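In what follows, a single structure is set out as structure tokens and then discussed.
The values are calculated or read from the model by the stated rules, or taken from the named source; none is laboratory data. Since the structure is predicted, the reported quantities are computational estimates derived from the model, not experimental observations. Every residue, glycine as well, gets a Cβ built from its backbone with ideal geometry; the counts of neighbours run over all protein chains shown. The protein model used for the area step is the full one, side chains on, heavy atoms only, and it has no ligands, DNA or RNA in it. Shrake-Rupley method; radii C 1.70, N 1.55, O 1.52, S 1.80 Å.
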Amino acid sequence: MPVTNPRWRRLWPVCALAVLLVLGLLFVPECDDCYFVFWRFASWRDWLLTRPVTQGARVVGVPANGRYLGNFLGVLQAKLYFSPLGPLRGLLLGGALAALVWLLGKRFAPANRCEGLSLAFALVVLAPRGIWQQVYSWGAGLVNYLLPMAGVLLLARLLERPAPSRLGRTGRFLLGLGCCLFMEPVTLWLALAGTALAVYALARRRPGRGDCLAAALGVWLGTLVMFTAPGYDRVGEDTRALGLALLGENLHIVVIETLVRPAALTLVISALFLFLLKRQGCPRLRLWTVLLGGVHLLYLADAAVDLFQVWGLYTHGRLALGCALAALWLIALWEWRSPARGRVALLALCLCAVNTPLLVVSPIGPRNAFPGYVLLLLTAAALYQQAREQGLRPLNWLCRAAALAGVLLVCLYGCNCLVYHQRLTYARQQTALGAREVTLPLLPFPGWAANEFPGKGDLSYLVYRETPWDVAFQMVPFDQWQGK
């Protein structure tokens, strides 16, 4: 595919970028985005600190926290949608996805831009339905979960090259600080990583030590800024909860969303492990192949079922599957004899570190697994580089699957976008005619958009007579609406 035809080699990155930008334009405001549109702010300072003037309207969610950048950018992207600069919001969301692909592409194939971008695009597009639902297509989710991980990837890339001036070190300091002002689990992980980075830099005394210390200082300051924000003392009094009582339920969600739902990515990682073990001449290769093959067949079956769900299914059987894959990967890592094994083990530790806080907080969902998904992408990139050095051919089949998935996703989100605007126009027309209760359809593909369920109330901030919630909305499945 994109690695053989010279002309296609030049067009492929452009086509991939175009698909992501089109998807960004098709994403519509959902859930938090809707009351972000309604909110007003008395000053820029209040906007930065997320202190809205809600005009007495009932607002569910978005408590006080230290996600200063995430809150600010979340409100900004939502307000852009219904402004004359509406297309800019789509370009920003699509551009964020494109930036993620670009940064990951450098990891998969540093010397071959087209090959790296192809693989990165494929694995980003073939993400689980839950990530499309709660991260990629949801403005507030993309800002809070994708942007900090893109920032981490950029920071890691910058730290590989010593800064030529103090300005460069300042940039690394500010980037480390900014990455800590989005989501708490990412901030805690970065605080640990920053400490380890500082110790490593001081111990090795190599070029770039000042850059590492600057980034670590930024991370420490960002952690301090986040967790000294007001509002965390009210955990338990609002929609948030914290405690060991959540451990059992959350363990299912974390393991399944991290290891079971990303069927395409985990399959690639397992295949790369098996290829490397084969090249090494592992005597137990057939056993590991059979066991991993059985696990991934069940994973693919689960992924096929999940495509048509609105909410994920979290069962004991799926938890056991996730634990089985984790155990098999650890065995494969132990069997593999390579200097790169340390890097993969470090990524595994990072995966545990970023997911551990999720075990004792609520609410959580597929969006919370996105940092782990990025770490798995980096794991796949590390293994892929080693496999390519040992003779593996480019994974063209994966790129073809991603191209098909990209076309289907454009069609899917195009249908959702069309129905979204039709129902919004209809709701406003009925409200203008004096209706106090309006029946509206859910989107045709509710499992791929945030907050599409019969009890959704976010439209109350976009359509109302005098104040939000003074018009009641009854949401029905799209096929029932069509039958009217």
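If you take the C-alpha gyration tensor of the stretch 187-257, multiply each eigenvalue by 5 and take the square root, what semi-axes do you get, largest first, in whole Å? Please report the intermediate quantities before stating the final value.
On the way: eigenvalues 222, 62, 12 Å².
Over the Cα atoms of the stretch 187-257, the ellipsoid semi-axes are 33, 18, 8 Å.
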- Item | Efficiency of FRET between residue 429 and residue 470 - r from beta-carbon atoms, R0 22 angstrom, step 0.05 | 0.85
- Message: If each residue of separation counts as 0.36 nm, what is the full-extension length gain between residue 326 and residue 170 once their alpha-carbon separation is subtracted?
- Response: 52.2 nm
- Message: If you roll a 1.4 angstrom probe over the protein chains with everything in place, what fraction of the accessible area of the chain belongs to carbon and sulfur, to the nearest %?
- Response: 66
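Only loop residues by DSSP count here, and only those with at most 11 other Cβ atoms within 10 Å; note down the trypsin sites (Lys or Arg not before Pro) in the stretch 314-381 that meet that. Before the final figure, lay out each step's value.
Details: sites: 318, 337, 341, 343, 367; in loops: 337.
Those satisfying the criteria are 337.
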- Mind checking the stretch 381-484 for GluC sites (Glu not before Pro) that DSSP puts in a loop (not H, G, I, E or B) and that have at most 12 other Cβ atoms within 10 Å? 466
- Item | Accessible-area ranking of 79, 456, 278, largest first, probe 1.4 Å | 278, 79, 456
- Note on the structure: One finds the C-alpha centres of the stretch 350-387 and the stretch 303-332 to be spaced, in Å, by 14
- Excluding ligands and nucleic acids, what accessible area in Å² is computed for residue 160 using a 1.4 Å probe, to the nearest 10? 110
- Magnitude of the Cβ-charge dipole of the stretch 366-484, K/R +1 and D/E -1, about the Cα centre, nearest 20 debye? 260
- Message: With a 1.4 Å probe and all protein chains kept in place, how do 399, 352, 15 rank by accessible area, largest first?
- Response: 352, 15, 399
- Area of residue 83 that stays accessible when all protein chains are in place (1.4 Å probe, Å², to 10): 40
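Only Cα pairs under 8 Å and at least 6 apart count here; give the relative contact order of the stretch 320-415 as a rounded whole percent.
Details: 23 pairs, mean separation 24.4, N = 96.
In percent, rounded to a whole number, it is 25.
Below 8 Å, C-alpha to C-alpha, sequence gap of six or more: please give me the relative contact order for the stretch 124-250 in percent.
Details: 117 pairs, mean separation 30.9, N = 127.
Contact order relative to length: 24 percent.
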- Accessible surface of residue 373 in the full protein assembly, 1.4 angstrom probe, to the nearest 10 Å²? 10
- Note on the structure: Longest principal axis of the chain (C-alpha) makes with the long axis of helix 86-108 (C-alpha) an angle, in degrees to the nearest 10, of 10
- Of 117, 77, 459, which is farthest on the positive side of the dipole of the chain, counting Cα position, with +1 on Lys and Arg Cβ, -1 on Asp and Glu Cβ, and the Cα centre as origin? 117
- Report, in whole Å, the centroid distance computed from the Cα atoms of the stretch 167-200 and the stretch 19-40. 28
- Mind giving me the nanometre distance, one decimal, between the label points for residue 14 and residue 46, set 7 Å out from Cα along Cα→Cβ? 4.8
- Of the listed values [x] 0.97; [y] 1.04; [z] 1.01, grab the one calculated as Rg/Rh (Cα atoms, Kirkwood Rh) from the structure here. [x]
- Using the Karplus curve 6.51 cos²θ - 1.76 cosθ + 1.60 with θ = phi - 60°, work out ³J(HN,Hα) for each residue of the stretch 460-465 in order, rounded to whole Hz, and write x for Gly and Pro. 5, 8, 9, 10, 7, 7
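Keeping all protein chains in place and using 1.4 angstrom, which order do 431, 315, 228 fall into by accessible surface area, from largest down? Provide the component values of the computation, followed by the final result.
Details: 431 15, 315 55, 228 95 Å².
The residues order as 228, 315, 431, largest area first.
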- Query: Once the dipole of the chain is set up with Lys and Arg at +1 and Asp and Glu at -1 on Cβ about the Cα centre, which of 472, 368, 425 lies farthest towards its positive end?
  - Reply: 368
- Item | Rounded to 10°, Cα long-axis angle of helix 113-125 versus longest principal axis of the chain | 50
- Message: Compute the orientation-averaged projected area for the stretch 102-198 from the convex hull of its Cα atoms and round it to one decimal in nm².
- Response: 7.3
- Loop sites in the stretch 117-222: trypsin sites (Lys or Arg not before Pro), DSSP, at most 11 other Cβ within 10 Å: 205
- Message: What is the angle, in °, between the Cα long axis of helix 166-179 and the longest principal axis of the Cα atoms in the chain? Nearest 10 is fine, range 0 to 90.
- Response: 60
